[in-house]
Amino acid sequence: MKTERVKMLAGESYFINDAELVEIRYKTRELVDQFNATGPRDTEDKQRIQSEIFGEVGENVHIEKPMRIDYGMNTKLGNNVFINFNFVLLDCCPVTIGDNVFIAPNVSIYTASHPLDLEERKKHIGSAEPITIGNDVWIGGDCVILPGVTIGDGCTIGAGSVITKDIPANTLAMGSPCKVVKEL
């Protein structure tokens with residue numbers, strides 16, 4: 001029989017308040033609180049805590065405070081990643097952030113979904129789809145990336161965009177919903 005964690009990672013419906021999942025979220029949030037409490041010059045502590053929060057952390061990863069993270073362990077950060085203030089990550093499924101990625105302030109990444117059926121939603125049932133951000137991507141401020149999205153290599157996403165569908169490589173995309181406006 002599959003655990004709720006296995007179902008969650010596989011993109012299947014799962015019970016959000018499963019004891020194992022709740023405990024993982026508590027531990028992650030405790031680490032995130034520690035990270036958010038560090039001083040601006042505490043770079044060694046920040047790097048140590050980042051490596052405890054995330055599944056993989058590349059070289060030269062810089063994250064500004066504050067951030068809010070659900071699981072952390074389901075996320076891989078590449079090399080030369082900069083994440084600005086007020087980052088929110090609901091990583092119920094794998095999230096991959098490539099190399100040379102710049103994420104502006106107030107960006108939210110949501111792998112999580114909830115049922116449209118009210119009775120299912122009352123039972124605290126959820127599902128999730130992975131998100132992939134390629135290499136050499138810039139995501140503008142106040143963007144929201146929704147479940148199942150892949151953003152291709154070399155993309156720029158305009159500020160305030162809601163990314164609901166895949167964005168092909170080497171394009172400028174923007175809007176709500178986000179659409180390609182130019183090839184780069």
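Only residues that are over 19 Å from THR132 (Cβ atoms) and either among the charged types (D, E, K, R) or touching a Pro at 6+ places or on another chain (Cβ under 6 Å) (or both) were counted across segment 98-122, and they come to 5.
From the list ASP142, ASP153, which one is assigned to a loop (DSSP other than H, G, I, E, B), under 20 Å from GLU64 (Cβ atoms) and open to solvent by 30 Å² or more (accessible area, probe 1.4 Å)?
Of the residues listed, the single one that is assigned to a loop (DSSP other than H, G, I, E, B), under 20 Å from GLU64 (Cβ atoms) and open to solvent by 30 Å² or more (accessible area, probe 1.4 Å) is ASP142.
Candidates are the residues of segment 30-88 that are in contact with a strand residue (DSSP E or B) (Cβ under 9 Å, 6 or more places away or on another chain) and among the acidic types (Asp, Glu); the one that is farthest from PRO147 (Cα to Cα) is GLU64. Of all residues in segment 28-54, those that are open to solvent by less than 60 Å² (accessible area, probe 1.4 Å) and touching a Phe, Trp or Tyr at 6+ places or on another chain (Cβ under 9 Å) total 5.
The values are calculated or read from the model by the stated rules, or taken from the named source; none is laboratory data. From a predicted model like this one, the values you see are computed outputs, not experimental measurements. Virtual Cβ from ideal backbone geometry, glycine too; neighbours counted across all protein chains shown. For the accessible areas, the whole protein counts, side chains as well, though only heavy atoms, and no ligand, DNA or RNA atoms are used. Shrake-Rupley method; radii C 1.70, N 1.55, O 1.52, S 1.80 Å.
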